[in-house]
Amino acid sequence: MKKSIISKIPIISVVVCVFLSCEKDSEIIFSPTGVPVDLGLSVKWASCNVGANNPEDYGDYFAWGEIDPKKIYTSATYTYHDNPITLPYYSDAAYANFGGCWRMPTYAEITELRNSCTWTWTSQNGVNGYEVTSKINGNSIFLPLAGARYGSWLQSVGSGGYYWSSSLETDDRGAYLFFTSNGVHYFIDRSWGLSIRPVCP
């Protein structure tokens, strides 16, 4: 009898997993590696980049509006040419890869992260980055200096962090967050491959 019960456990597990994967988009679906961190802000921030297994992992790189990483990032290989004020969910790499209510942060939400947190230059498991600590509740996330991709090259690894927002700056530029050991700054571009740190309500 015990043997027959145990043999049914994998089937039950599959059914549970399928059920959870069909949750409504308004609900939080935990990615295999990223969990929401409450910084006391208007949104919760994921603990990992899209494509990462740990907070210090770089993860994947995406051009603005594209949902899959690729080998070459140039204007010639850029495929997203719409100009929405904010990326729709079907062109949002965070939603496409994490699912549920996860999405890319807006420019306003990145601004909130910058202004409402203390940014401390540090390293985690040998990876350079910033510990971003909430001034409201003391919780924190780690943002690695994952660099950026242009052409087939990965640039500024360990010295610069580039993170997309979902907001459009101009017709050919998306707004993003850029930071180095010298501080946190804002710059803009669009066909480059940058990191993405998702948010959820």
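Throughout, read-outs are computed from the coordinates displayed, never taken from laboratory work. These numbers were taken from a predicted model, which means no experiment stands behind them. Here the Cβ positions follow ideal geometry from the backbone for every residue, glycine too, while neighbour counts run over all protein chains shown.
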- Query: Going 7 Å from the Cα of ASN83 in the Cα-to-Cβ direction, what parts of segment 128-153 have a backbone nitrogen less than 19 Å from that spot?
  - Reply: none
- Note on the structure: Hydrodynamic calc, segment 151-201: Kirkwood Rh from Cα pairs, then Stokes-Einstein at 37 °C with viscosity 0.692 mPa s, so D in µm² s⁻¹ is 277
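Could you put ASP172, ASP60 in order, starting from the residue whose Cβ has the fewest other Cβ atoms within 10 Å?
ASP172, ASP60
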- Item | Extent along principal axes [Cα atoms of segment 86-201; Å; largest to smallest] | 34, 34, 24
- Item | Size of electric dipole in segment 26-200: Cβ of Lys, Arg +1 and of Asp, Glu -1, about Cα centre, debye, nearest 20 | 240
